[in-house]
Amino acid sequence: MATQEDKLSAAERAAVKQRAGELRKQASRKGGSKKEKDRQDVVDTIAGLKGSDKAIAKMLDEVVSEVAPDLDPKTYYGFPAYARDGKIVVFFQPASKFKTRFGTLAFDEAANLDDGEMWPTSFAVTSTGDDIRKRVTQLVKKAVG
């Protein structure tokens, strides 16, 4: 009988292990506020990225800081993410994480992007130009509505 582990790719298994490590690290911290430590994790995660992944993650971090400072930064499966009341609203999945040709800006269930009976929740992002930044800003504003 196949186990759940047999159904996951090597990259997916690594992501699950990384998330477990994040949770262990968060639980074992001493001193300082949780928000400050989570913020540093996001800064460190972004610093560890390369090329367009790093630029896009930095841009998202700047946009969230400007238009949704009430969201809490945290890592989510090794991705820079932003949450409200412990629930992820938006995160960036770098292309390098799963060796894809584009990074993904994604919104989780806590995002207020609802538009009728069907709406997009993730977007391929390959650059950080002014038009992209403007669109990301609009999406984040709507998500935190």
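Only the coordinates and a few stated rules stand behind these numbers; no lab work does. The structure displayed is predicted, hence computed values, not measured ones. Quick reminder, even Gly has a Cβ in these numbers, built from the backbone with ideal geometry, and neighbours come from all protein chains shown.
Between Phe123 and Lys7, full extension at 0.36 nm per residue minus the direct alpha carbon distance yields a gain of 39.2 nm. Looking only at the range 116-144, which residues have a backbone nitrogen under 16 Å from a spot 7 Å from the Cα of Thr100 in the C-beta direction? It comes to 120-127, nothing else.
In this Cβ point-charge picture (+1 for Lys and Arg, -1 for Asp and Glu), the range 55-129 has a dipole of about 560 debye about its Cα centre. Per-residue Karplus couplings for the range 121-128, computed as 6.51 cos²θ - 1.76 cosθ + 1.60 with θ equal to phi - 60°, are listed in order as 10, 9, 9, 6, 10, 10, 8, 10 Hz, Gly and Pro entered as x. Here is the link list: Lys54/Lys74; Lys50/Lys141; Lys74/Lys134; Lys87/Lys142. Which ones come out longer than 18 Å on Cα distance? Beyond 18 Å between Cα atoms: Lys50/Lys141; Lys74/Lys134. With the convex hull of its Cα atoms as the shape, the chain has an orientation-averaged projected area of 10.4 nm². Taking the dipole about the Cα centre of the range 7-144, with the C-beta of Lys and Arg at +1 and of Asp and Glu at -1, give me whichever of Ala68, Ile56, Gly129 is farthest to the positive side. Checked the options; the winner is Ile56. Within the listed set Asp38, Asp85, Asp53, the Gaussian network model of the chain (springs between alpha-carbon atoms below 10 Å) gives the highest mean-square fluctuation for Asp85. How far apart, in nm, are the 7 Å Cα→Cβ label points at Lys141 and Val67? Spacing of the two 7 Å Cα→Cβ label points: 0.6 nm.
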